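Participant: This is the structure I want to talk about, given as structure tokens.
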Amino acid sequence: MPAPNIETIVSLSKRRGFVFPASDIYGGLGSSWDYGQLGVELANNIKKSWWNWLVYERDDIEGLDSSIIQNRNVWKYSGHETTFSDPLVDCRDCNSRLREDKLERNAEGKPICSNCGSTNLTESRPFNLMFRTTIGAVSSDDDPMALAYLRPETAQGIFINFKNVLDTSRRKLPFGIAQIGKAFRNEVTPGNFIFRTREFEQMEMEYFCRPEDAAALHQEWIDGFQTWLGTLGILPENLSLYEQQAHELAHYAERTVDIMYRFFPEREDEEKQWDELMGIANRKDFDLKAHSKKPEDAEGKRVNPDSTEDLSYFDPQTNERFYPYVIEPAIGVNRTLLAVMMDAYTEKTNEKGEVRVILKLKPELAPIKVAVLPLAKNKPEITEMARKIKRGLQPAMRAVYDDTGGIGKLYARQDEIGTPF
Ligand code: GAP
């Protein structure tokens, strides 16, 4: 049976070294988390699985690692400066800051404060989620010439490198570019452990194609990702699809389907048990066009006067030049790790009535692949042999040696962290 709630995973994570509250010795920093000795291995193995599946096992995807801080124009022309915001309200009674679109409503449709139940809230106003910083030695913190942002998605780094990769890899459509990296959003209401944080890691792939092929490829990636999530051990009954409604779509998207995971199985209302694990969007030609110097408006004025490049594609077979459409499967490493841990979590009661935790991770995801446990720690011929076996294994996989307890306890410790061998 999967974990009954996220709290169970929080406690296992802290107890065994998967995830720790960040800055804990200074009282923490709201919704920031550090990945411990096991968490970093599990996250790396999830990223490896994604990268292998997309970049190594297919013939049509290249990898990329672009900068976190880019020229401010990237975020101007992507639309993030003007539209990447959440509707913010303040509660006049308890001073909570809340995301209006996430609040329950009363019978008259008025939003209710999730902290104190009041409907005495301010008008909603847009709050831009991008973290600001300044570049270089500047005289003041709000110098517009020095203003830059921490990227709120890895995707834009891919779009602005489209031509670089296209020209140097000699790719033809359809092909994809995959990237894994940190993203930052000044979320109004982060929470639920690592589900929503201000610093997180994304695995994004932009699949460039001819416009007429986009709808069918979109469906292929929706199906493909459900299969890949299954290979991570995520149970099909804990996954569902959600078709975003017109008013929910991001400014660039024609159609977006979210793959939802049952992050909150303890909630009575089945509908509220689900939340987004990943989104798969058809971004059309929005981004390549937006970053191109070429497109002109109806009066022949350049829409983007700052770009020096045209990111269109020339098809030598049809002699056409056009802006490719993009299918974008985007998934968070942290949410994936949480879903993997929840579905791997199992409790078993032994003959003595003691409850044991077993983390049934797929071997390729397990932080530690093999534990070498000597049956007796006082017999050098046994411990030396065990250490030798461990040393022989360690160049090939994460192996540990442990003789700090009885064999039953040692096994139980490894079961709890998902060690397969
Ligand atoms: N480029 C498209 C894009 O960024 P998104 O739905 O905003 O789309 C993609 O983000 C995925 O990144 C989400 O499905 C989720 O897994 C993860 N993600 C987004 N915001 C997050 C946050 N604040 N904390 C943790 N993960 C987050």
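Participant: Students often check this: by mean Cβ neighbours within 10 Å, which of 378-387, 137-146, 354-363, 322-331 ranks highest, and how do the rest follow?
Facilitator: Details: 378-387: 12.5, 137-146: 9.7, 354-363: 15.6, 322-331: 23.2.
Ranking the peptides 378-387, 137-146, 354-363, 322-331 by packing returns 322-331, 354-363, 378-387, 137-146.
Participant: Please report the relative contact order for the chain, taking Cα pairs under 8 Å with a sequence separation of at least 6, and give it as a percent rounded to a whole number. Present the calculation step by step, with values, prior to reporting the outcome.
Facilitator: On the way: 771 pairs, mean separation 65.5, N = 421.
Over the chain, the number comes to 16 percent.
Participant: Measure nothing fancy, just the Cα-based angle from helix 380-393's long axis to the longest principal axis of the chain, in degrees from 0 to 90, nearest 10.
Facilitator: Tilt of helix 380-393: around 20 degrees.
Participant: Which percent of the accessible heavy-atom area of the chain goes to carbon and sulfur, probe 1.4 angstrom? Mind dumping the intermediate values first?
Facilitator: Working: 10500 of 21610 Å².
Summing carbon and sulfur atoms, their accessible area is 49 percent of the total for the chain.
Participant: In the chain, what percentage of the DSSP-assigned beta bridges are antiparallel, given to the nearest 5?
Facilitator: Details: 60 of 67 bridges.
So the antiparallel bridges in the chain amount to around 90 percent.
Participant: Quick one: check the C-alpha center-to-center distance for region 1-62 versus region 162-214, whole angstrom.
Facilitator: Centre-to-centre distance over Cα atoms comes out at 19 Å.
Participant: Here is a further query. Hey, can you rank 258-264, 315-321, 395-401 by average C-beta count inside 10 Å, highest first? Mind showing how you got there, number by number?
Facilitator: On the way: 258-264: 20.1, 315-321: 9.1, 395-401: 14.3.
Taking the mean over residues of other Cβ atoms within 10 Å, the ranking is 258-264, 395-401, 315-321.
Participant: Let me ask something else. Which order do you get for Trp50, Trp33 if you rank them by accessible area with a 1.4 Å probe, largest at the top?
Facilitator: Descending accessible area places them as Trp33, Trp50.
Participant: Follow-up question, since we're still on this one. Do you know the relative contact order of region 327-421, to the nearest whole percent, from alpha carbon pairs under 8 angstrom that are 6+ apart? Kindly include the intermediate steps, with their values, before the conclusion.
Facilitator: Details: 122 pairs, mean separation 30.6, N = 95.
Reported relative contact order: 32 percent.
Participant: If you place +1 on the Cβ of every Lys and Arg and -1 on the Cβ of every Asp and Glu, how big does the dipole about the Cα centre of region 2-71 come out, in debye to the nearest 20? Present the calculation step by step, with values, prior to reporting the outcome.
Facilitator: Working: 6 positive and 9 negative charges, 79 e Å.
Magnitude of the dipole: close to 380 debye.
Participant: Let me ask something else. Quick check for you: which residues of region 1-22 have the amide N under 17 Å from the point 7 Å beyond the Cα of Thr346 toward its beta carbon?
Facilitator: 1-4
Participant: Something else about it: Taking the Cα centre of region 1-134 as the origin, how large is its charge dipole in debye, to the nearest 20, when only Lys and Arg (+1) and Asp and Glu (-1) carry charge on their Cβ atoms? Write out the running numbers ahead of the final one.
Facilitator: Numbers: 16 positive and 18 negative charges, 62 e Å.
With only Lys, Arg, Asp and Glu charged at Cβ, the dipole is about 300 debye.
Participant: Another question, then. Cα centroid distance between region 241-286 and region 313-342, in Å?
Facilitator: 16
Participant: Oh, and also: Run the dipole for the chain about the Cα centre, Lys and Arg Cβ at +1, Asp and Glu Cβ at -1, nothing else charged, and hand back the magnitude in debye, nearest 20.
Facilitator: Rounded to the nearest 20 debye, it is 1660 debye.
Participant: Rounded to the nearest 5, what % of DSSP beta bridges with both residues in region 172-330 are antiparallel? List each step's numbers first, then the result.
Facilitator: Details: 36 of 36 bridges.
Once the DSSP bridges in region 172-330 are tallied, antiparallel ones form about 100 percent.
Participant: As I understand it, the dipole of the chain uses +1 on the Cβ of Lys and Arg and -1 on the Cβ of Asp and Glu, about the Cα centre. Which of Cys113, Gly136, Trp75 lies farthest toward its positive end?
Facilitator: Ranked along the dipole, the leading option is Gly136.
Participant: Can I ask one more? By its C-alpha gyration tensor, with a ≥ b ≥ c as the square roots of the eigenvalues, how is region 74-184 shaped: rounded for a/c under 1.5, else prolate for a/b larger than b/c, else oblate?
Facilitator: Oblate shape, in that a/c is at least 1.5 and b/c is the bigger or equal ratio.
Participant: OK, next. Can you give the accessible area of Val10, probe radius 1.4 Å, in Å² rounded to 10?
Facilitator: Val10 exposes around 30 Å² with every protein chain in place.
Participant: Identify all lysines with a Cα-Cα distance to Lys102 below 16 Å; exclude those on the same chain that are fewer than 8 residues away in sequence.
Facilitator: Those lysines meeting the cut-off are Lys110, Lys272.
Participant: Now, a different point. Assign one of three labels to region 30-96, namely rounded, prolate or oblate, based on the Cα gyration tensor with a ≥ b ≥ c the square roots of its eigenvalues; rounded applies when a/c is under 1.5, prolate when it is not and a/b is larger than b/c, and oblate otherwise.
Facilitator: Because a/c hits 1.5 or more and a/b fails to exceed b/c, region 30-96 counts as oblate.
Participant: Mind checking which of Ile259, Asn238, Ser11 is farthest towards the positive end of the chain's charge dipole, using Cβ charges of +1 (Lys, Arg) and -1 (Asp, Glu) about the Cα centre?
Facilitator: Farthest along the dipole direction, towards plus: Ser11.
Participant: Next up: Using only the Cα atoms of region 352-421, build the gyration tensor, take square roots of its eigenvalues as a ≥ b ≥ c, and label the shape rounded, prolate or oblate: rounded if a/c is under 1.5, else prolate if a/b is larger than b/c, else oblate. Don't skip to the answer; put the middle values down first.
Facilitator: On the way: a/c = 3.82, a/b = 1.17, b/c = 3.26.
It is oblate, given that a/c is not under 1.5 and a/b is not larger than b/c.
Participant: If you count only protein heavy atoms with a 1.4 Å probe, what accessible area per residue comes out for region 320-380, rounded to a whole Å²?
Facilitator: Numbers: 2730 Å² over 61 residues.
Per-residue accessible area for region 320-380 comes out at 45 Å².
Participant: In addition: On average, how much accessible surface per residue is there in region 18-65, in Å², for a 1.4 Å probe, leaving out ligands, DNA and RNA? List each step's numbers first, then the result.
Facilitator: Working: 2630 Å² over 48 residues.
Per residue, region 18-65 has 55 Å² of solvent-accessible surface.
Participant: Compute the long axis of helix 6-16 from its Cα atoms, compare it with the longest principal axis of the Cα atoms of the chain, and write down the angle in degrees, 0 to 90, nearest 10.
Facilitator: The angle comes out near 60 degrees.
Participant: Using a 4.7 Å cut-off between beta carbons, which cysteines in the chain end up with no partner cysteine at all?
Facilitator: Cys209
Participant: Moving on to the next point. On C-alpha positions alone, give me the angle between the axis of helix 333-344 and the longest principal axis of the chain, in degrees, nearest 10.
Facilitator: The answer is roughly 40 degrees.
The values are calculated or read from the model by the stated rules, or taken from the named source; none is laboratory data. Predicted, not measured: the structure shown is a model, and the values here were computed from it. Positions of Cβ are backbone-derived with ideal geometry, glycine not excepted, and every protein chain shown enters the neighbour counts. Please note that ligands, DNA and RNA were not included when accessible areas were found on the heavy atoms of the full protein model with its side chains. Shrake-Rupley method; radii C 1.70, N 1.55, O 1.52, S 1.80 Å.
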